[in-house]
Amino acid sequence: MTAFGSAYFRKFYLNPATRVTTPAAMQGRARLIAAILGHACIPVRTILDAGCGIGLLRKPFAQIYPKARYVGLEASDYLCARYGWTKGSVIDFAPRTLCDLVVCYDVLQYLDDGEASRAIANLARLTRAALYVSALTREDWLENCDRTRTDRAVHLRSGAWYRRRLARRFRYLGFGVWLRKDVTAILWDLEQP
């Protein structure tokens, strides 16, 4: 299977027997992100989906934020040609303008430690306000994921490894949503992790 070619996406995203997620699950994820940001009074006018894959979050975000501009960033030549995504890497992508919300879903585990560290630092440069991050961790591999449907060709790190690096520039709101430290959001004490 060519890395991030058509066979990869057919297996992990399109084939109902082997896919790792569903459009319905991604719709729920988009609603959760929007609910957290809405509660924190964070407006979303621009969205960067860094490593957007086949774009499973595009439609749900369009329904939730109909006026927001969505940009799909993808390193896969195959997906850029097929869906018209912006070609680039989360490691060094540098757009002219920042986005209110940056999503980095299941990308970081494909990067080695140095690349993942640089990518996390770059995520802080890409977002004006909020970041959603999900990455397969060592703990997830051992306890949570369905290994028959999960790509094994990844770098497994602890959740603590990611949290340490994210906490340098962000504060955690919960459920994978992080807010830049310089962004004001009033949350009650017991609403904070």
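The values are calculated or read from the model by the stated rules, or taken from the named source; none is laboratory data. Bear in mind that the values here come from a model prediction, so they are computed numbers and not experimental data. Please note: Cβ atoms are built from the backbone with ideal geometry, for glycine as well, and neighbour counts cover all protein chains shown.
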Taking helices (runs of 4 or more DSSP H) that fall entirely within segment 96-193, which contain at least 1 residues that are β-branched (Val, Ile, Thr)?
-> 113-126
Out of (1) exposed (fewer than 14 other Cβ atoms within 10 Å of the Cβ); (2) at pLDDT 95 or above; (3) within 19 Å of Thr127 (Cβ to Cβ), what's the single condition that is false for Ile42?
-> (1)
Going through (1) among the small types (Gly, Ala, Ser); (2) under 17 Å from the mean Cα position of the chain (by Cα); (3) within 24 Å of Leu173 (Cα to Cα) one by one, Gly55 fails only at (3)
Does segment 78-92 contain at least one residue that is under 18 Å from Ala130 (Cα atoms), at pLDDT 95 or above and not hydroxyl-bearing (Ser, Thr, Tyr)?
-> yes
Count of residues meeting criterion [out of contact with any Gly (no Cβ under 9 Å at 6 or more places or on another chain) and either more than 23 Å from Leu108 (Cβ to Cβ) or not in a loop (DSSP other than H, G, I, E, B) (or both)] in segment 17-39 = 14
Top-ranked residue in segment 45-92 [being surrounded by fewer than 22 Cβ atoms within 10 Å (Cβ to Cβ) and among the small types (Gly, Ala, Ser); ranked as nearest to Val103 (Cα to Cα)] | Gly55
Verdict on Leu98 being surrounded by 22 or more Cβ atoms within 10 Å (Cβ to Cβ) and either at pLDDT 95 or above or of a type in the set (A, V, I, L, M) (or both) | no
